[in-house]
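Taking it in order: structure first as structure tokens, then the write-up.
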Amino acid sequence: MSVPTEANAGRTDISSRRPQTAERARTLAAFAGSATLEMPGDREEQVVPAARAVEPDGSLLLLVPGETAAVVVTSREDVAAVLHLVDVAPVAVPHRVRAHCWIAGWLTIPTGTDADKAAARLAELMPDPTASPRAGTIVRLEVGEVLVDDLWGTGHVEPEEYADAEPDPLAEHEAELLQHLAAAHGNDLCRLASSAGAPACDERVAPVSLDRHGIRLRTGGRERTCDVRFEFETPVSGPMQLGEALRRLLHGVHGQA
């Protein structure tokens with residue numbers, strides 16, 4: 001099965017230390033804010049899963065309407081599908097869409113103990129343990145092909161690479177970390193961007209993405225923007241190390257604009 005490609009103009013930086021494409025794909029699979037399940041062919045069906053979870057092997061558990069699951073149950077052939085993930089910056093910046101990821105594969109229905117484990121896995125993601133269970137049926141998307149189009153570029157990921165990769169250790173906390181930096185450290189961010197020669201710092205500087213290798217800032221306004229990335233001296237393993245890594249950046253480590 002093929003997955004669509006999409007050009008994304010305006011990428012301005014190339015880094016020697018960066019998240020690998022497979023790692024970015026696993027991060028998006030777990031944490032991208034928007035997901036649509038597309039079932040090409042005669043059905044041409046698009047479904048927004050009510051919940052999703054990534055299994056250790058990279059396959060995805062999706063809670064979908066019963067009629068969608070019925071297509072899988074009654075089909076005499078493998079049911080092909082594409083999960084389209086869209087990632088949006090958690091702070092107000094121009095051009096907030098940061099990434100698209102397409103995960104193509106085949107849908108199956110967990111049965112027996114697998115079904116119980118799948119239900120428990122999705123239940124872990126309920127934000128409110130007192131909330132009523134969400135209606136639907138669980139399907140599993142077995143991964144056959146992965147395409148990422150993000151701030152780093154466009155790249156395919158082999159299923160084996162995707163299965164072996166781990167999501168970024170900051171991804172679960174990235175939104176709150178970026179929102180805190182934007183709200184409380186605007187002057188520091190502007191000074192950091194200026195140290196790398198980024199233009200238009202007088203208009204706006206905002207953090208647009210954060211990973212274990214570094215932080216990306218976006219400067220300018222609606223008419224013109226520039227991204228500048230700063231790398232940590234060493235990759236961080238979690239939020240506890242991030243404060244020190246950011247403090248070191250403010251002491252003369254230059255980014256790439």
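The values are calculated or read from the model by the stated rules, or taken from the named source; none is laboratory data. Just so you know, these numbers come straight off a predicted model, no measurement behind them. Neighbour counts are summed over all protein chains in view; Cβ atoms, including those assigned to glycine, are modelled from backbone coordinates with ideal geometry. Surface accessibility is based on the protein's heavy atoms, side chains included, excluding ligands, DNA and RNA. Shrake-Rupley method; radii C 1.70, N 1.55, O 1.52, S 1.80 Å.
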Defining a contact as two alpha carbons under 8 Å apart and six or more residues distant in sequence, what relative contact order in percent does region 71-123 show? 35 percent
Most packed first (mean Cβ within 10 Å per residue), the peptides 65-77, 47-59 order as 47-59, 65-77
Per residue solvent-accessible surface (Å²) - region 30-86, probe of 1.4 Å: 48 Å²
Go through 89-99, 224-234 and give me the packing order, highest mean Cβ count within 10 Å leading. 224-234, 89-99
